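Single-structure report; data block below.
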């Protein structure tokens, strides 16, 4: 079953550029994965410290494989030091 993932990242003050950079860095290798159907990074218009990743995977197993790959592990390690909250990831299925 196709899976959607929404990740929220609120940058610590002064780390907005670094959060944007790590988000951008993870896009290309993630897009090359066979189970990745799409992945995009976003920045809030109303809050410049707020960023999102939205990704779509062929199934949950494809995302779980992605989660263990070196580029994903490095991304998590880097981004966790730049945000003001615990990692916030929502797994979802399309309902309409």
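Only a single criterion out of (1) loosely packed, with under 14 Cβ neighbours inside 10 Å; (2) touching a residue at least 40 places away in the same chain (Cβ under 8 Å); (3) under 11 Å from the mean Cα position of the chain (by Cα) is not satisfied by residue 9, namely (1). Being in contact (Cβ under 8 Å) with a residue 40 or more places away in the chain, over 12 Å from the mean Cα position of the chain (by Cα), surrounded by 17 or more Cβ atoms within 10 Å (Cβ to Cβ) and over 23 Å from residue 94 (Cβ atoms) is a property that residue 18 lacks.
Taking the stretch 44-74 as the range and being within 18 Å of residue 85 (Cβ to Cβ) and without any contact (Cβ under 8 Å) to a residue 24 or more places away in the chain as the test, the residues that pass are 44, 46. Is it the case that the stretch 41-64 has a residue that's assigned to a helix (DSSP H, G or I), in contact with a helix residue (DSSP H, G or I) (Cβ under 9 Å, 6 or more places away or on another chain) and either surrounded by fewer than 16 Cβ atoms within 10 Å (Cβ to Cβ) or at pLDDT 95 or above (or both)? So far as the stretch 41-64 goes, no, none of its residues is assigned to a helix (DSSP H, G or I), in contact with a helix residue (DSSP H, G or I) (Cβ under 9 Å, 6 or more places away or on another chain) and either surrounded by fewer than 16 Cβ atoms within 10 Å (Cβ to Cβ) or at pLDDT 95 or above (or both).
The values are calculated or read from the model by the stated rules, or taken from the named source; none is laboratory data. Since this is a predicted model, take the numbers as computed values, not measurements. Here the Cβ is made from the backbone with ideal geometry for all residues, glycine too, and neighbour counts use every protein chain on show.
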